[in-house]
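One structure, pasted below without further comment.
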Amino acid sequence: MEYKDYYQTLGVPKTATEDDIKKAYRKLVRKYHPDVSKEADAQGKTQELNEAYGVLGDAEKRAAYDELGRGQHYRAGQEFRPPPDWGRGFGGGNGAGAGGFGGDAMGSDFFADLFANLGGGRRRQAPPQRGEDSHAAITIDLADSYQGATRTITLTVAERDALDRIVTRERNLSVNIPPGVTAGQQLRLSGQGQPGAAGPGDLYLEIQFRPHARYRIDGRDVYETVPVAPWEMALGGEIEVATPSGKVNVTVPAGSQSGRKLRLRGRGIPGKQAGDLYLLLEVVLPPASTDKARELYQAMARDLAFNPRAGG
């Protein structure tokens, strides 16, 4: 059975008032009334409008319809089946669908299955529902995943005011970032989701890393670009490198070229199985901005007779 989006049928948002729904229904049903409409399938369209208004125009049926769809994000045409015994906590509706336009059209399989249990004269309290889970993203620095951190985020939340209108407000929340988190990982904050009669839902925060010119992250492995002087590349030697976990001394092999990769095991993002840190060597030339520097470059050009494009 395909899900029917009654709000979409009437062209109104889910926050529409009773008057908004009634006005939209009356306007559309006049347009598609079979006696006056030249639209194709006016009869079928009128039946759809009557069915939609029969639910949304009845406060109890609308509440039941909204309750079932809350958090499921059903779309029109999506496969749908209500849970067994759903809806027994709601009393019988008043069949507000016709409203004087086009008669009763409550015959679709979707409507019949959805509201088969509404009515019957016996009213039972519907079980309280837990609030919806919320989802958001939090952007952190690479250092936060090494050392852990506490960050404050601002969430925009929707809620109903005293007049039952949907309003938004900002909420600040302090978040503890544990060491070892990776990109795409979700942090679950219990009870920080949407409110509900049976308690609030949870908030899930997806970890994102702030872009950095020197670092690239792949899972738990980290790639760091390290600037190296020409003589350090050519002659080799020990250099000091600032890494996300602190300064380390590494040996540059003599005769290295830009792009050479040095692997430091276990110095990637920490965890039960820590990642590795890869240092990507990149030669950086000193500027020829002084007479002495220019003389040195001229001497190298004269004495080394080096052509980097030879044999290319």
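The values are calculated or read from the model by the stated rules, or taken from the named source; none is laboratory data. Treat the numbers as computed from the prediction; the structure is a model and nothing was measured. Here the Cβ positions follow ideal geometry from the backbone for every residue, glycine too, while neighbour counts run over all protein chains shown.
Tell me the residue from GLU170, GLU159 that is exposed (fewer than 13 other Cβ atoms within 10 Å of the Cβ), out of contact with any Asp or Glu (no Cβ under 6 Å at 6 or more places or on another chain) and touching a residue at least 24 places away in the same chain (Cβ under 8 Å), please.
Working: GLU170 fails: touching a residue at least 24 places away in the same chain (Cβ under 8 Å).
Checking each option against the conditions leaves just GLU159.
For the range 219-235, check the following and say yes or no: at least one residue is among the aromatic types (Phe, Trp, Tyr), surrounded by fewer than 14 Cβ atoms within 10 Å (Cβ to Cβ) and either closer than 30 Å to PRO179 by Cβ or not assigned by TED's automatic domain parsing to the domain that holds GLN185 (or both).
If we filter the range 219-235 for residues that are among the aromatic types (Phe, Trp, Tyr), which is where we start, we get 223, 231.
Restricting the remaining residues to those that are surrounded by fewer than 14 Cβ atoms within 10 Å (Cβ to Cβ) gives 231.
Filter once more, so that each one left must be either closer than 30 Å to PRO179 by Cβ or not assigned by TED's automatic domain parsing to the domain that holds GLN185 (or both): 231.
Yes, some residue in the range 219-235 is among the aromatic types (Phe, Trp, Tyr), surrounded by fewer than 14 Cβ atoms within 10 Å (Cβ to Cβ) and either closer than 30 Å to PRO179 by Cβ or not assigned by TED's automatic domain parsing to the domain that holds GLN185 (or both).
Somewhere in the range 279-298, is a residue surrounded by 11 or more Cβ atoms within 10 Å (Cβ to Cβ) and under 27 Å from GLY184 (Cα atoms)? Show your work before the answer.
Quick first cut of the range 279-298, residues surrounded by 11 or more Cβ atoms within 10 Å (Cβ to Cβ) only: 279-284, 286, 288, 293-298.
Now drop any that are not under 27 Å from GLY184 (Cα atoms), which leaves 279-280.
Yes, the range 279-298 has at least one match.
So which of ARG309, ARG294, ARG267 is in a loop (DSSP other than H, G, I, E, B), outside the structural domain of ALA143 (by TED's automatic domain parsing), farther than 26 Å from ALA183 by Cβ and out of contact with any helix residue (DSSP H, G or I) (no Cβ under 7 Å at 6 or more places or on another chain)?
Criteria check complete, one pass: ARG309.
Another one. Just name the residue that is nearest to PRO308 (Cα to Cα) out of those in the range 236-262 that are surrounded by fewer than 12 Cβ atoms within 10 Å (Cβ to Cβ) and not small (Gly, Ala, Ser).
Here the residue is GLN257.
Still on this model: Do we find a residue being surrounded by fewer than 16 Cβ atoms within 10 Å (Cβ to Cβ), modelled with pLDDT under 70 and not assigned by TED's automatic domain parsing to the domain that holds ILE166 anywhere in the range 47-61?
No: zero hits.
Taking GLY259, is it under 40 Å from the mean Cα position of the chain (by Cα), in a loop (DSSP other than H, G, I, E, B) and at pLDDT below 95? Walk me through how you get there before you give the answer.
Details: under 40 Å from the mean Cα position of the chain (by Cα): yes; in a loop (DSSP other than H, G, I, E, B): yes; at pLDDT below 95: yes.
Yes: the conditions hold for GLY259.
What are the pairs, 6+ residues apart or on separate chains, where a residue within the range 191-203 that is in contact (Cβ under 8 Å) with a residue 12 or more places away in the chain has its Cβ under 9 Å from a residue that is of a type in the set (Val, Ile, Thr)?
GLN194/VAL157
I'm trying to understand the selection: among the residues of the range 184-238, which are more than 13 Å from LEU142 (Cβ to Cβ), charged (D, E, K, R) and not in a helix (DSSP H, G or I)?
ARG188, ASP202, GLU206, GLU238
Anything in the range 204-255 that is at positive phi and free of Cβ contacts under 8 Å to residues at least 24 places away in the same chain? List them, or say none. Step through it out loud before you land on a result.
Taking the range 204-255 and keeping what is at positive phi, we get 219, 236-237, 246, 255.
Once the filter is applied, which keeps residues that are at positive phi and free of Cβ contacts under 8 Å to residues at least 24 places away in the same chain, the range 204-255 yields GLY236, GLY237, GLY246, GLY255.
Please go through the range 152-183 and pick out each residue that is assigned to a loop (DSSP other than H, G, I, E, B) and more than 18 Å from the chain's Cα centre (by Cα). Give the steps one after another, and end with the answer.
Narrowing the range 152-183 to residues assigned to a loop (DSSP other than H, G, I, E, B): 161-165, 178-183.
Listed by number, the residues that qualify are ASP161, ALA162, LEU163, ASP164, ARG165, PRO178, PRO179, GLY180.
Looking only at the range 182-211, count how many residues are farther than 25 Å from GLY268 by Cα and among the basic types (Lys, Arg).
0
Of all residues in the range 62-73 being at pLDDT below 80 and part of a helix (DSSP H, G or I), which is nearest to HIS135 (Cα to Cα)? Reasoning before the result, please.
Filtering the range 62-73 for residues at pLDDT below 80 gives 64-73.
This time we only want the ones that are part of a helix (DSSP H, G or I), so: 64-69.
On the way: ALA64: 25, TYR65: 24, ASP66: 20, GLU67: 20, LEU68: 20, GLY69: 18 Å.
Ranking the candidates gives GLY69 first.
What is the one condition in (1) on the phi > 0 side of the Ramachandran plot; (2) under 18 Å from the mean Cα position of the chain (by Cα) that GLY191 does not satisfy?
If we test GLY191 against (1) on the phi > 0 side of the Ramachandran plot; (2) under 18 Å from the mean Cα position of the chain (by Cα), just (2) comes out false.
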